[in-house]
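The values are calculated or read from the model by the stated rules, or taken from the named source; none is laboratory data. All figures in this text were calculated on a predicted structure; none of them were measured in a lab. Note that each Cβ is placed from the backbone with ideal geometry, even for glycine, and that neighbours are counted across all protein chains shown.
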Number of protein chains: 2
Amino acid sequence: MNFPCCGSIPEVAPGATTPDTREHIVIVGGGFGGLTTALALRNVPVRVTLIDRHNYHLFQPLLYQVATAGLSPADIASPIRGILRRQRHTTVLLGKVTGIDVIGKAVLIGERRVPYDQLVIATGARHAYFNHEEWERFAPGLKKIEDATDIRGRILVAFERAENSGDEQERRRLLTFVIVGGGPTGVEMAGAIAELARRALATDFRNIDPGSARVVLVESGPRVLAAFPETLSVAAKSALERLGVEVRLGTRVSRCGADGVIISNDWIDADTIIWAAGVMASPAAKWLAAEHDPAGHVLVERDLTLGGHPEIFVIGDTALFKTADGKPLPGIAPVAKQQGAYVAQVIAARVGRRLAPASFRYRHLGTMATIGRKSAVADFGKLRLSGFIAWLIWGIVHVYFLVGFRNRVAVLMGWLWAYLTFERGARLITGHDL
Amino acid sequence: MNFPCCGSIPEVAPGATTPDTREHIVIVGGGFGGLTTALALRNVPVRVTLIDRHNYHLFQPLLYQVATAGLSPADIASPIRGILRRQRHTTVLLGKVTGIDVIGKAVLIGERRVPYDQLVIATGARHAYFNHEEWERFAPGLKKIEDATDIRGRILVAFERAENSGDEQERRRLLTFVIVGGGPTGVEMAGAIAELARRALATDFRNIDPGSARVVLVESGPRVLAAFPETLSVAAKSALERLGVEVRLGTRVSRCGADGVIISNDWIDADTIIWAAGVMASPAAKWLAAEHDPAGHVLVERDLTLGGHPEIFVIGDTALFKTADGKPLPGIAPVAKQQGAYVAQVIAARVGRRLAPASFRYRHLGTMATIGRKSAVADFGKLRLSGFIAWLIWGIVHVYFLVGFRNRVAVLMGWLWAYLTFERGARLITGHDL
């Protein structure tokens, strides 16, 4: 279906009939950064337009659970219009941004121009294949809902094909799952696939033993979860190995095809390959013709604005913000949310002609990653946890931050059910022809 | 993704190493009929293979709620392997049947042959366009999960496009929804779309009033729900009209295009057209070269077998079984389930060399249809109900018959949430490009 770019276009404005003299704040992206900005502008006397390609805000940290049949897409996605419904000065616009007219101060959606007074770019990141874009069809990444249902279908179809295959070597290939990248997504996917095979599917088949599935996690660095303290990397690795995951450190993928991968000169026959190895910022740097790092992150000032353009903010996974010690901030939800809140503060101060905090400061509250249904690692600075306690905290924190009461209850119910029965309720193969 | 038809194919048999001399019962189709047959064969000393194109059993009566963003696909679909997991003599085979070798007694899945001793065909029905197959792309029907998520996307995208359109006539067209067919599916879809527009989306937009959406239900006969007593048809029509649905009786669609439909020489500009007007049995009649009615239903004997082939049963929506008064049985779940149970009884009797009941007899327990969130009609023979009480019974019955505890709880939670808040949680546009 195509989105029509109509000839005559209405000014994006709330239903007001008198001309609206309030400043127009345009936010591009309804992820953690953009949505937080919009919500934090609730009581600020401006007009707000939030533009996104999708009609929902996606709670990305749980996307791997959709990919492994634990949750349904609607459990972790909430319509943006619903979230901002009561904020009458805010308009949600479904559209795919194609560029920005920095001089004319307008966001471009194809032929359509959305003029702004101040602009917030929060367009996130996508997977990067390091100049091997041809690998994407063999090794999909996990960023969108469609990615997750596609990966779910691939994993489940692999088991179905193995059940139907009479060839032992082919079965081995079908029951081999390679996850490339040992960051949180890779670790969580590897753990969840291992558990799916050994638990949820354990007695489902008659010709194969799903428990014999081989799950290989490939990481080029010396340890998994490189952003975590070393003790937690070690704990995560053992937890994965207890689930039967083969963790291959210090190895790189040098080829990727329909039949398998080559890692460090070693050919692995594999039907399902999942890419969790790298991200690339959205094309915002190109739109803005701005200074950026090789991964496309836009270099921003201390107040998250673009150099020479105080009216343009860039936040979240799209931005390159260096902390006092010169390190860039990680591409995680808390960074995006704190930046969104900060930007709203700056905008409110400007509109109210008050002094804004001159510099954004990130408060690191902690990071977590889960491994299967009983284990996790959590790093809260001085407090470092692993195992069951970390898993409980992980669950509470993730449900707490989920947007929307219904989603929280649905996710909790789903987890409780999965925990008590080892079942995975969302085991549907859709959109995959036989 | 293609399903490989491998060179060497394993005999479909449970893990047993000694040759299995039990009769092999092959069931084609995991809908209400096929699944009931498989479950009812639980304690019968045979081998069972159930073949389906999908890996899940779909609770079709609630599919319209997925199409109107009330439920998630996984809420009404349950993996067939999971349901039959503990039945060790039953194998589930994911595959698309392409024909049947009646002489050689084998089901064909492409190049693969699955031999049977007794065969149960329960392949259901699909939509029929009465020699206007070209209408399908403009007016999709509602049979599969993919249909439901496609229709959900079309409906939601129509509102989004209307919000973005500056042209009043175009907005009217985008906000017009035509449902063709006044049977239960058509009535339920019309009611659910009207409620979605007037309630769930009421305050979501800034440039349009979703409540102004026009919902037209077109029925060629003199009343909606023709299979129900006339008083209930009247009640259903008023309930629909109270929700703002335009009910057009005695009218036929004579053209169907991307921009709208012609009904009884009347052109209606409409962006979304939904087909609920007719069904066509699966190609089973062709596979069997059997006698059938124009809609493809296979004529069966009193014991649901194919004439001259006592080893082949045809049940559910695929069969044409005439009752004593010469009327065919309706294509509804209770008929399929009772037929499945009867066939299992016959098979058990044959295997045990006992006498089987000579003729299938349908016990009509009642039919129901729901209109929006507070109204329904229910026909239990002498007892005929409409309104809120009927709606409560409808809800209890449908949740009761849902397969799987988790699905029941998930659906109940979703409904309770929707009932209390008028919200629709599954309002996701996926797989639709902008």
Exercise. Mind listing just one residue for me: the one in the range A:348-365 that is within 22 Å of residue A:297 (Cβ to Cβ) and touching a Leu at 6+ places or on another chain (Cβ under 8 Å) and, of those, surrounded by the fewest Cβ atoms within 10 Å (Cβ to Cβ)?
Key: A:362
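A quick yes/no check of all residues on (1) exposed (fewer than 15 other Cβ atoms within 10 Å of the Cβ); (2) under 19 Å from residue B:67 (Cα atoms):
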position	(1), (2)
B:370	no, yes
B:379	no, no
B:382	yes, no
B:399	no, yes
B:409	no, no
B:413	no, yes
B:420	yes, no
Self-check item: Complete set of residues in the range A:239-267 that are closer than 20 Å to residue A:196 by Cβ and not acidic (Asp, Glu)
Solution: A:239, A:240, A:242, A:243, A:244, A:245, A:247
Quiz item: Given the structure, is residue B:266 acidic (Asp, Glu) and within 26 Å of residue B:26 (Cβ to Cβ)?
Solution: no
Self-check item: Members of the range B:54-73 that are in contact (Cβ under 8 Å) with a residue 40 or more places away in the chain, over 15 Å from the mean Cα position of the chain (by Cα) and within 7 Å of chain A (Cβ to nearest Cβ)
Solution: B:72
Practice problem: Select from the range A:269-296 the residues that are part of a loop (DSSP other than H, G, I, E, B) and within 19 Å of the chain's Cα centre (by Cα) and write down the one among them that is nearest to residue A:150 (Cα to Cα). | Solution: A:276
Self-check item: Evaluation of residue A:49 against (1) out of contact with any Pro (no Cβ under 9 Å at 6 or more places or on another chain); (2) more than 10 Å from chain B (Cβ to nearest Cβ); (3) of a type in the set (Val, Ile, Thr) (one fails), failing number
Solution: (2)
Exercise. Please determine, by comparing only the residues of the range B:201-232 that are crowded, with 24+ Cβ neighbours inside 10 Å and closer than 28 Å to residue A:49 by Cα, which one is farthest from the other protein chains (Cβ to nearest Cβ).
Key: B:213
Exercise. Report, by residue number, each residue of the range B:393-420 that is without any contact (Cβ under 8 Å) to a residue 40 or more places away in the chain and more than 22 Å from residue A:408 (Cβ to Cβ).
Key: B:393, B:394, B:395, B:396, B:397, B:400
Quiz item: How many of the residues in the range B:123-170 are under 22 Å from the mean Cα position of the chain (by Cα) and either of a type in the set (S, T, N, Q) or not in a helix (DSSP H, G or I) (or both)?
Solution: 20
Exercise. Within the range A:177-196, work out how many residues are farther than 21 Å from residue A:415 by Cβ and crowded, with 24+ Cβ neighbours inside 10 Å.
Key: 7
Practice problem: Test residue A:83 against the criterion of being over 16 Å from residue B:156 (Cβ atoms) and in contact (Cβ under 8 Å) with a residue 24 or more places away in the chain, and give yes or no. | Solution: no
Quiz item: Yes or no: residue A:236 out of contact with any Lys or Arg (no Cβ under 9 Å at 6 or more places or on another chain) and in a helix (DSSP H, G or I)?
Solution: no
Quiz item: Restricting to the range B:87-106, what's the tally of residues that are aliphatic (A, V, I, L, M), part of a loop (DSSP other than H, G, I, E, B) and either free of Cβ contacts under 8 Å to residues at least 12 places away in the same chain or away from every other protein chain (no Cβ under 14 Å) (or both)?
Solution: 2
Quiz item: Does residue A:84 satisfy being more than 11 Å from chain B (Cβ to nearest Cβ), among the aliphatic types (A, V, I, L, M) and closer than 21 Å to residue B:205 by Cβ?
Solution: no
Quiz item: Does the range A:77-92 contain at least one residue that is buried (at least 22 other Cβ atoms within 10 Å of the Cβ), within 17 Å of the chain's Cα centre (by Cα), β-branched (Val, Ile, Thr) and within 22 Å of residue B:413 (Cβ to Cβ)?
Solution: no
Exercise. Please name all residue pairs, on different chains or six or more residues apart, with Cβ atoms under 7 Å, provided the first residue is in the range A:208-230 and is among the charged types (D, E, K, R) and the second residue is part of a loop (DSSP other than H, G, I, E, B).
Key: A:214/A:175; A:219/A:181; A:219/A:182; A:219/A:249; A:223/A:249; A:230/A:223
Quiz item: Looking at A:108, A:58, A:71, which one is surrounded by fewer than 18 Cβ atoms within 10 Å (Cβ to Cβ) and more than 21 Å from residue A:348 (Cβ to Cβ)?
Solution: A:108
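Yes/no matrix, rows are residues, columns are (1) under 21 Å from residue A:96 (Cα atoms); (2) part of a helix (DSSP H, G or I); (3) within 10 Å of chain A (Cβ to nearest Cβ); (4) modelled with pLDDT of 95 or more:
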position: B:172; (1), (2), (3), (4): no, yes, no, yes
position: B:178; (1), (2), (3), (4): no, no, no, yes
position: B:196; (1), (2), (3), (4): no, yes, no, no
position: B:199; (1), (2), (3), (4): no, yes, no, no
Quiz item: If you scan the range A:381-410, which residues turn out to be within 14 Å of chain B (Cβ to nearest Cβ) and either touching a His at 6+ places or on another chain (Cβ under 8 Å) or more than 30 Å from residue B:426 (Cβ to Cβ) (or both)?
Solution: A:403
